[in-house]
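Report on one structure; see the data block that follows.
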Amino acid sequence: MIATYGFSATLTAAPGLGDRLVDLLLTGLDEGNPGASEHCVVYLVSRSASDPDVVHVVEGWTTEEDHHRTFAGEAARAIVAQVDGLLAGEPRYTDHVPVRGKAAFRPGDLPAPPRTR
């Protein structure tokens, strides 16, 4: 499958909650959660190299409609509600129209990220 819709989000956790935010976002890859959907072809969580409380999420979806339908579900709403409780401010979102690229890994293929605290 290819992505025809995507976005990136920058989230700033309340001071010292960056690890909790990353852990919560990574549950999005668990079975039954949005990142595990067949329609989600890119789900990448990363952190700022200079501020461990700043977290970036990049998602690629087969269609914008698939994304919205998935995020209307109970599992996605539950994660979003928990994420909101960890944030120091409003997330910043940027919509994307994927052109070409590569995202070829399974969650188990990558080592766990190093803890910063």
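The values are calculated or read from the model by the stated rules, or taken from the named source; none is laboratory data. The structure displayed is predicted, hence computed values, not measured ones. Neighbour counts run over all protein chains shown; Cβ positions are idealised from the backbone, glycine included. Quick note on the areas: whole protein, heavy atoms, side chains included, nothing else; ligands and nucleic acids left out. Shrake-Rupley method; radii C 1.70, N 1.55, O 1.52, S 1.80 Å.
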Please give, to one decimal in nm, the separation of the simple spin-label points placed at Leu44 and Ala9, each 7 Å out from Cα toward the Cβ. 1.7 nm
Leaving out ligands and nucleic acids, and using a 1.4 Å probe, what accessible area per residue does the chain come to in Å²? 63 Å²
Computed E for Leu26/Tyr93 - FRET, C-beta separation, R0 22 angstrom, nearest 0.05: 0.70
So what does Arg47 come to for accessible area, using a 1.4 Å probe and Å² rounded to 10? 60 Å²
Carbon and sulfur together cover what percent of the accessible area of the chain at a 1.4 Å probe radius? 55 percent
Tell me the mean residue ellipticity at 222 nm calculated for the chain from its helices only (DSSP H runs of n ≥ 4, each -39500 (n - 2.57), averaged over every residue, nearest 500). -7000 deg cm²/dmol
Isotropically averaged projected area of the chain, using the convex hull of Cα atoms (one quarter of hull area), nm²: 7.2 nm²
